[in-house]
1. Residue by residue through region 312-349, note down the ones that are of a type in the set (V, I, T) and more than 21 Å from T114 (Cβ to Cβ).
2. Which numbered condition in (1) part of a helix (DSSP H, G or I); (2) open to solvent by less than 50 Å² (accessible area, probe 1.4 Å) is the only one that A220 fails?
3. Picking from G115, G146, which residue would you name as being in contact with a Lys or Arg (Cβ under 8 Å, 6 or more places away or on another chain), within 23 Å of A305 (Cβ to Cβ) and crowded, with 24+ Cβ neighbours inside 10 Å?
4. For L394, which of the numbered conditions (1) part of a loop (DSSP other than H, G, I, E, B); (2) at pLDDT 95 or above fails to hold?
5. Among the residues of region 74-91, which ones are more than 18 Å from G193 (Cα to Cα), among the hydroxyl-bearing types (S, T, Y) and in contact (Cβ under 8 Å) with a residue 60 or more places away in the chain?
6. Quick check on my filter: what residues within region 292-305 are within 23 Å of G375 (Cα to Cα) and in contact with a Lys or Arg (Cβ under 7 Å, 6 or more places away or on another chain)?
7. Checking the conditions here, which among L207, L250, L200 is surrounded by 24 or more Cβ atoms within 10 Å (Cβ to Cβ), at pLDDT 95 or above and within 23 Å of H353 (Cβ to Cβ)?
8. Being in a helix (DSSP H, G or I) and surrounded by fewer than 18 Cβ atoms within 10 Å (Cβ to Cβ), is that true of even one residue in region 266-277?
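The values are calculated or read from the model by the stated rules, or taken from the named source; none is laboratory data. Owing to the predicted nature of the structure, the values given are computational and were not obtained by experimental measurement. For neighbour counting, all protein chains shown are included, and Cβ atoms are generated from backbone atoms with ideal geometry for every residue, glycine included. We work out accessible area using only protein heavy atoms, side chains counted, and drop any ligands, DNA or RNA first. Shrake-Rupley method; radii C 1.70, N 1.55, O 1.52, S 1.80 Å.
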Amino acid sequence: MAGRNFLFVPGPTNVPDRIMRAMMVSMEDHRSPDFPLLTRTIMPGLKRVFRTERGTPFVFPSSGTGCWEAAITNTLSPGDTVLAARFGQFSHLWIAMCEKHGLNVQIVDVDWGTGVPVEQYAEILRHDTQHKIKAVLACHNETATGVSSDIGAVRRALDDAKHPALLFVDAVSSLASIDFRFDDWGVDMAVSGSQKGLMLPAGLGILCASQKALDMHAEAKLARSYFDLQDMLNANKTGYFPYTPALPLLYGLVEALTMIEEEGLDNIFARHEYLAAGVRAAVQDGWGMKLCAKEPKWHSNTVSAVMVPEGVNGADVISRAYNRYNLSLGAGLSKMAGKLFRIGHLGDMNEVHLMSAIAGAEMAMLDCGIKVRAGSGVAAASEFWRTHRVPVGLDASVAEQIALAKAA
């Protein structure tokens, strides 16, 4: 098919040309005397992205799933109890991993389309006076349903209960896209990956650990080998890795961190909020359709999950978009299969780029018999973006403008 593929799944995301060029490197000796210069460039940059001075970042040749495993195996023992909510495919998969490792998972099932149930967490933690719960799991951004959760509120629930449990956060589709504060929120393990807000190909698992979490290593009895953080710490201290690193991706990561520094994290967060608000205008005001996220407080700034009308299979919309218009949209997963399609709007993106996803999705829906007015989504997004200034930082005026647009 002529023309480029338009990639709007919520990961992997589009890789900027600068990063692709940075990865075009010859292979080198990863034990050479010069190699530590690369490692010592990356780690400070990751700390700034996680917004931490006290946390320790790790980079594994893996996906984010590998860092899920690293988080639990380096801190917990068989039979330990962890608290987790299930409200989407990825929160479900993290729970399933914990169960496979022999952990006792206290599961709070909530509606898909909502997020971390902070009030229920708070009540459970208050009643756990013997502190049987060793870790609390929270998915910052549930990619499958387009839902973001308040991690700061989870930390407050732990503090109010004076509970010593570790706080583990899945930040795979939020890091470098949605405001994330490792130190301020008292996070102990934050898990992410290279293929979303960091604008790289898949292949790097990114983890940040608190000292409290690292101190659990000696007591933790879950089996670990490849994901042993002590091995990584020992090697990273000298600027090396305990096994062969993914060299081109590391060079790409250096360039990605440079791009993030140039734009500024607050500007990146504001841009994502601004772009997401335009997509929501297209979905709700233009098409008259609903998002999977049940309330505005759950709206994700990195992915919008669009519910299709009853009698329509969302997979047909996705297939039509791909085969006819060379547009890749995200599918509904697990219990949401066929009920929605997803537009990813994170990473390297602007209004005109994102407009192609709205236009293509609109054409695919019309082809599949969904009764939207041609051009309505594009018009609504255009109206929003034209009448709201490009934001600079997370200032009150931008938030006020977006709030007024939602209320109109």
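1. Quick first cut of region 312-349, residues of a type in the set (V, I, T) only: 312, 317-318, 343.
Listed by number, the residues that qualify are V312, V317, I318.
2. It fails just one condition, (1).
3. On the way: G115 fails: in contact with a Lys or Arg (Cβ under 8 Å, 6 or more places away or on another chain).
On inspection, the qualifying residue turns out to be G146.
4. The number of the failed condition is (2).
5. Of everything in region 74-91, those that are more than 18 Å from G193 (Cα to Cα), among the hydroxyl-bearing types (S, T, Y) and in contact (Cβ under 8 Å) with a residue 60 or more places away in the chain turn out to be T75, S77.
6. Across region 292-305, the qualifying residues are V303, S304, A305.
7. Working: L207 fails: within 23 Å of H353 (Cβ to Cβ); L250 fails: within 23 Å of H353 (Cβ to Cβ).
L200 is the lone residue from the list that is surrounded by 24 or more Cβ atoms within 10 Å (Cβ to Cβ), at pLDDT 95 or above and within 23 Å of H353 (Cβ to Cβ).
8. So in region 266-277, the residues in a helix (DSSP H, G or I) come out as 266-277.
Of the ones still in play, those that are also surrounded by fewer than 18 Cβ atoms within 10 Å (Cβ to Cβ) are 266-267.
Yes, region 266-277 has at least one match.
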